[in-house]
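Quick note: the coordinates plus some simple rules give every number you see, no bench work behind them. Just so it is clear, the structure is predicted and the values come from calculations on it, not from any experiment. Heads up, the Cβs are rebuilt from the backbone with ideal geometry, glycines too, and the neighbour counts pull from every protein chain shown.
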Amino acid sequence: FEASIPAASRDLWQQFGVTEFQDKEAFQKEFIRHVETTLARSMYNCDDLAAYLAASQAIRDRLIVAWNKTQQKHTTKDQKRVYYLSLEFLMGRAMDNAMLNAGVKDITKTGVDDLGFKIEDLLEQEPDAALGNGGLGRLAACFVDSIASTNYPGWGYGLRYQYGIFKQRIVDGYQVESPDYWLAFSNPWEIPRYEIAIDVMFYGYTRKYTNDQGKTVSIWEGGEQVQAIAYDVPVPGYDTETTNNLRLWASKPTREFDFEKFNSGDYESSVRESQKAETISAVLYPNDNFYSGKELRLKQQYFWVAASLNDIVRRFKKTHRPWSDFSDQIAIQLNDTHPTIAIVELQRILVDMEGLEWDAAWEIVTSTFGYTNHTVLPEALEKWPVPLFGNLLPRHLEIIYNINLFFLQKVEKMFPKDRDMLARVSIIEESSPQQVRMAYLAIIGSHKVNGVAELHSDLIKTTIFKDFVAIYGTDKFMNVTNGITPRRWLHQANPKLSELIASKVGSYSFLKDLTLLKKVEPFAKDPEFIEKWADIKKFNKARLAALIKKNNGIDVSVDALFDVQVKRIHEYKRQQMNIFSVIHRYLTIKAMSAEEKKDVTPRVCIFGGKSAPGYYMAKTIIKLINSVSEVVNKDADIGDLLKVVFIADYNVSKAEIICPASDISQHISTAGTEASGTSNMKFVLNGGLILGTVDGANIEITREIGEENIFLFGHLAESVDDLRHQRRFNDVPINPDLQKVIDAIEGGMFGDKDIYGSLIYSVTGNRDYYLVSDDFQSYLDAQKLVDKDFKDKTTWVSRCITAVANMGFFSSDRAINEYAESIWNIEPVAK
Ligand code: 73E
């Protein structure tokens, strides 16, 4: 390496090399140094924000030292690595996690305490890194934590959005969005690498010419050019030296942007052009489980993919290995179809730039990529209009046509004369305009395709990808059930429960091997343990009650049953069914005598979640929840028997407060629609029970914790099509209890009924696509059972303990080990 220090000077470097602080005093020295130099403050003007920044700078230094060692080791060992390509990384806050994983939590806590600060106050200063929408982005965050914690050599690649997911406020019951400018006070958790700048092209045209060997080759002459600048976020593993990298790209104008315009005196328009470059990575698209075919989104995808692949290929070329070694050294995982263009980009690099033969290149490509599908919802599947695609990426479209040609030739041979089959599996959909089906391209260009929970992985094989199973056989399709990191979702979110568990396990080893939770199972019958467990739940409920008081001004009793549904607002997740059942409960209590009321289990119904800004129905559901909340909470007949709360701006940090505080959490998607769900895992791991449908990972959770410890209801996935058909073509009456609820809304009980017209129509009419009416009765029955069972406190807590004891399977460490063994073929790096 050219910039390497000459041997004669190296002793000095080693002597003065930076070391990681090991004790409180060393931390304090670093802290004060950062206050006084990095921040140019002093003990006379150091507020919580400055103290947070100084503490995080000290911890950051520590991470960087570990990061450097890890990267050097990985370079020397030169083992196969994985690159996880995700357009979303919903990381949340970094400081608490960094302290925990680096093992310096106590040092920093007492360290700042001596210096006049409370660690909790400093942690509160950090804005969430909210570079994701929901489950898909949070999964990527849990996965990079687990890859580091299990010592695999792996990097994440994503975009450094200047604006994360919008902030949500509730005004007059409606969602109002405002931008999330999370970088306002600088970001100590990233390292800008201005020297790693990669040119990325768009538009232009392709040209064929004959090269020296007489071969006809195609080249892409781009129009627009921008630069990708790398920002590295260290990802520390828990209780290990391994600190991996999350590389996020920011778009910048190229250095010599439009000199012609500049020189011809058109300065303003040349500056305007350059500003346009920065918009590429400016904002995260705020749609969850929904595809919107905007050109800027495709630009984001190509920008990020081109920069990442350029980086990966550059690193590979430094090893001077032959191209045939590529997939022995590199695995690339596609988090949904968002990075699918990477398949085409690698083929382009190998064929157009590096001169490989098509077949040799394609062999390398397909053995490098793996594709994870996260949804079967048709409205979420990416399809790009051919004209838009060909305009932005003309050479890539040509390559896709070639990939498709060779693929269809193969299919033709396997299924001669099956014209329908060819049309069905073609990457190009023959609509007008034609569309590029990204999921099909992803399957064809990968060696493994996986779903994210058993039911989901089965469903993709029998529905949306059925034909591809006929073509490739079943081996290519597999399941890796999602998981969550126990570091953030148990220890950080619920330190008291973690401590109680550690007292029985004997150590915190369960944070590295979650199956050790099994050791608390015998204590599910131990009265003393049950009491301690119950006290912790109460403490966590009080913590949430305080947040509710502060944010909503509502008083809730910690003795009530806390019933929580927090997740993106979506019709398929059925928050509408939940709020309808809350209305039903309200009407029922209203009709009770004083005597009857004594039997009611008091409940706090807690909702939270964002709607995509353009999703009218989801926004209507939010409005209804807030209107119901208004009416119910001030009704003197009801008192503490029922409270309804909508927590605004649900995000990772709030989830860390909410998950440990539930008695019941709801995961009630129409069967077959929620691919996995991961918050279901978080709630159970924190000692709450689930009220849910037979969908996604709920099924495997049931298998692990026992069906006596979960409240399941509703129709099964296999009946859904039939029920939809029935409703569409026959006169199926609407559930009578649901009808009463609708009458109440239409009677104006919750304000202007006209607001809810389309919402009501969506569950009546002859559609009810999400089977709200069909499932309503069994939902109410399950709710009743919950009310009854909650009265027996001891049995309830005992069930919670048993459930937690059996949650070991849902660690993201387990998921990562499965990916590593059966898809990536990588090994952990030895000490
Ligand atoms: O069931 C969840 C799953 O747990 C699924 O809906 C979600 O992914 C989680 C992690 O596997 C998901 N998000 C998206 N698709 N599936 C998505 C699609 C387009 C844009 C943004 C997110």
Loop-located trypsin sites (Lys or Arg not before Pro) in segment 198-252 whose Cβ has at most 11 other Cβ within 10 Å (DSSP): K215
For the chain, what is the calculated [θ] at 222 nm in deg cm²/dmol (nearest 500), taking -39500 (n - 2.57) for each run of four or more DSSP H residues and dividing by its residue count? -13500 deg cm²/dmol
Could you compute the net charge surrounding W155? Neighbours are other residues with a C-beta less than 12 Å from the C-beta of W155; K and R count +1, D and E count -1. +1
For the chain, whose charge dipole is built from +1 on Lys and Arg Cβ atoms and -1 on Asp and Glu Cβ atoms, the candidate among V628, F539, A148 with its Cα farthest towards the positive end is A148
What are the trypsin sites (Lys or Arg not before Pro) within segment 78-176 that DSSP puts in a loop, where the Cβ has at most 14 other Cβ atoms within 10 Å? K118
Please identify the GluC sites (Glu not before Pro) of segment 242-323 that satisfy two criteria: DSSP loop assignment and at most 15 other Cβ atoms within 10 Å. Which are they? E256
Enumerate the amide H contacts of L246 below 5 Å, restricted to partners 5 or more residues apart or on another chain; note that Pro and chain-start residues carry no placed amide H. G156, V233, V235
Where a ≥ b ≥ c are the square roots of the eigenvalues of the C-alpha gyration tensor, would you call segment 2-93 rounded, which needs a/c under 1.5, or, failing that, prolate if a/b is larger than b/c, or oblate? oblate
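Applying 1/(1 + (r/R0)^6) with R0 = 51 Å to the Cβ-Cβ distance of Y616 and S9, what FRET efficiency is obtained, to the nearest 0.05?
On the way: r = 66 Å, r/R0 = 1.29.
Step by step, r from the Cβ atoms, then E = 0.20.
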Taking the convex hull of the Cα atoms, report for the chain its projected area averaged over all directions, in nm². 40.3 nm²
What is the distance in Å between the Cα centres of segment 266-305 and segment 591-611? 47 Å
Which distance in Å, rounded to a whole number, links the C-alpha centroids of segment 655-671 and segment 35-86? 34 Å
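Using a cut-off of 12 Å between beta-carbons, work out the net charge of the residues near H456 (Lys and Arg +1, Asp and Glu -1, H456 not included).
Values: positive: K461; negative: E454, D458, E674, D695, E700.
After counting each charged neighbour, the total is -4.
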Are there DSSP H segments in the chain that both extend 24 Å or more along their axis (alpha-carbon positions) and score a mean Kyte-Doolittle hydropathy of at least 0.5? List them, or say none. 616-633
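Give me the compactness ratio for segment 262-336, meaning the Cα radius of gyration over 2.2 N^0.38 Å.
Details: Rg = 18.2 Å, N = 75, 2.2 N^0.38 = 11.3 Å.
This ratio for segment 262-336 stands at 1.60.
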Distance between segment 409-474 and segment 699-738 - C-alpha centres, whole angstrom: 29 Å
When each of K549/K598; K448/K682; K549/K643 is checked by Cα-Cα distance, pairs over 23 Å: K549/K598; K448/K682
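At 4 °C and a viscosity of 1.567 mPa s, what translational diffusion coefficient does Stokes-Einstein give for segment 557-810, taking Rh as the Kirkwood radius over Cα pairs? Give it in µm²/s as a whole number.
Numbers: Rh = 18.6 Å.
Rounded, D is 70 µm²/s.
Nearest 20 debye, what's the magnitude of the dipole of segment 458-578 about its Cα centre given +1 on Lys and Arg Cβ and -1 on Asp and Glu Cβ?
Here segment 458-578 has a charge dipole of around 360 debye.
Work out the length of the dipole vector of the chain about its Cα centre, built from +1 on the beta-carbon of each Lys and Arg and -1 on the beta-carbon of each Asp and Glu, and round it to the nearest 20 debye. Before the final figure, lay out the partial values.
Numbers: 96 positive and 112 negative charges, 100 e Å.
Charge dipole, the chain, about its Cα centre: 480 debye, nearest 20.
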Which one, G614, G687, S676, projects farthest toward the positive side of the charge dipole computed for segment 557-810 from Cβ point charges (K/R +1, D/E -1)? G614
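With +1 on each Lys and Arg Cβ and -1 on each Asp and Glu Cβ, and nothing else charged, work out how big the dipole of segment 557-810 is about its Cα centre, in Debye to the nearest 20. Can you show the working numbers first?
On the way: 28 positive and 35 negative charges, 118 e Å.
So the magnitude is around 560 debye.
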Under 18 Å Cα-Cα from K791, which aspartates and glutamates qualify once same-chain neighbours fewer than 8 residues away are excluded? E531, D535, D559, D563, E595, E596, D599, D640, D663, E708, D781
Which ³J(HN,Hα) values in Hz, rounded to whole numbers, follow from the phi angles of segment 382-390 under the Karplus curve 6.51 cos²θ - 1.76 cosθ + 1.60, where θ = phi - 60° and Gly and Pro get x? 6, 9, 9, x, 4, x, 5, 5, x
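From the square roots a ≥ b ≥ c of the eigenvalues of the alpha-carbon gyration tensor of segment 715-794, which class results: rounded (a/c under 1.5), prolate (a/b over b/c), or oblate?
Numbers: a/c = 2.80, a/b = 1.19, b/c = 2.36.
Verdict is oblate for segment 715-794.
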Antiparallel versus total DSSP beta bridges in the chain: what percent is that, nearest 5? 45 percent
Gyration tensor (alpha-carbon) shape descriptor, segment 474-574, a/c threshold 1.5: oblate
What aspartates and glutamates could a cross-link reach from K299, if we take a straight Cα to Cα line under 13 Å and drop same-chain neighbours fewer than 8 places away? E224, E278
